[in-house]
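Input: a single structure, listed below in structure tokens.
Read-outs: derived from the displayed coordinates by stated rules, not from any lab. Note that the coordinates shown come from a computational prediction; the quantities given were computed from them, not determined experimentally. Cβ atoms come from the backbone with ideal geometry, glycine included; neighbour counts cover every protein chain shown.
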Amino acid sequence: MNPATPPDVVAGLIDHDRQLMSSADAAEGFKHKVIPIFVDPGTGKTFSGGRYLFDKWVQARSYEKFVKEDFYTFDPGTGEVVQFLQRSIFANPDCRNWYVAGAAEFSDFKTTQYHLRTERWSIPSPLGIILFLEWKWPQVKAAAMQIPGISAVWLLVNREDRMVSVVYFQNRLAPFPTAGMNQLMSAPSVLAGYAAERGWTQVYMAGHLALNVWLPFEPGDQGPPALWPNADAIPLVPSIHDGFCSPSREESSANEAACLPTCGDAVCDAGEDWLNCPADASPYRESPVCGP
Ligand SMILES: [Ca+2]
């Protein structure tokens, strides 16, 4: 994206994506999305992405196809409509579905998602891996609970790519950004013992701040707003006047020029489309035909 793009417009764009993506028919079973972010202090490069949780694996696979193939939206760099992953702001996107061998939340997901740690391991053979991980899940969960401030842990496997992954989520240990991240990042991996026994190789390990947390979509975007937990550390938050209409942020024609008076009533009215009112109008879900 043009570095001159104001941060609230970038954040507003993310909230526009949220309304189309989390409401899509292909997102059935959607529970959460967490967008991690890390800015390399050396190069200034931003590393980001999305960690999704769905009720069922088949739903995650359907959503993977949506993200990789079916979802088209505008490219803020060029103004063209492009396949989502082809946006010029994304470099080297990596997207895959994971089978959940275990997932646990130890505290309220809405208020305790500040830091993430993601590990991926390459495994020699996928044979029996799901049974093995489901068998070990109670020990994995117990080991994760030893990490100070741990708020959730997901144990994931992708047999096709012969990969196992753990995603840890952590609350702040004190009321300032990154408080507790050292403990999260220095804790021994919950999989280290199994990896040594079974010849797994760690291929990825990274820490991120949680930029944005999506919750399930409600018609007309009348549900709870997405969360920006580290807003005090990362000045990337939507605003009124960011040019996007987000009814869940209590935006309407009364305070945001981008909102039509009819946007947010869960009815696709005349003049509404996926650009100006994704809350009500979307080509990615069965919804009433908009008026002329
Ligand atoms: Ca409407």
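Here is how the number arises for the chain: DSSP H runs of 4 or more residues each give -39500 (n - 2.57), the sum is divided by the residue count, and the result at 222 nm is -5500 deg cm²/dmol. Taking the chain, the Cys residues with no second Cys beta-carbon under 4.7 angstrom are C95. Over the chain, what is the mean sequence separation of C-alpha contacts under 8 Å (at least six apart), divided by residue count, expressed as relative contact order in percent? It rounds to 21 percent for the chain. Per residue, the convex hull around the alpha carbon atoms of segment 1-110 comes to 134 Å³. Per residue, the convex hull around the alpha carbon atoms of the chain comes to 134 Å³. With a cut-off of 19 Å on the backbone N, the residues of segment 191-209 near the modelled label site 7 Å out from D40 along Cα-Cβ are 203-209. Exposure proxy for H16, H115, H241, H208: other Cβ atoms within 10 Å of each Cβ, ordered fewest to most, give H241, H208, H16, H115.
Per-residue Cβ neighbour counts within 10 Å put F38, F84 in the sequence F38, F84, beginning with the fewest. Exposure proxy for S246, S239: other Cβ atoms within 10 Å of each Cβ, ordered fewest to most, give S239, S246.
With R₀ fixed at 41 Å, the C-beta to C-beta distance from Y204 to A270 puts the FRET efficiency at about 0.25. Counting only alpha carbon atoms, the long axis of helix 129-144 and the longest principal axis of the chain meet at about 90°. 3J(HN,Hα) along segment 195-207: 4, 5, 5, 10, x, 7, 10, 6, 10, 7, 7, 8, x Hz, from the Karplus curve 6.51 cos²θ - 1.76 cosθ + 1.60 with θ = phi - 60°, whole Hz, x for Gly and Pro. The lysine pair tally for the chain, using Cα distances under 27 Å and a gap of 8 or more places or different chains, is 20. For L211, the residues whose amide H sits under 5 Å from its own are I35, I37, ignoring neighbours fewer than 5 places away on the same chain, with H placed 1.01 Å from N.
Between the Cα long axis of helix 7-22 and the first principal axis of the chain there is an angle of about 80°, rounded to the nearest 10.
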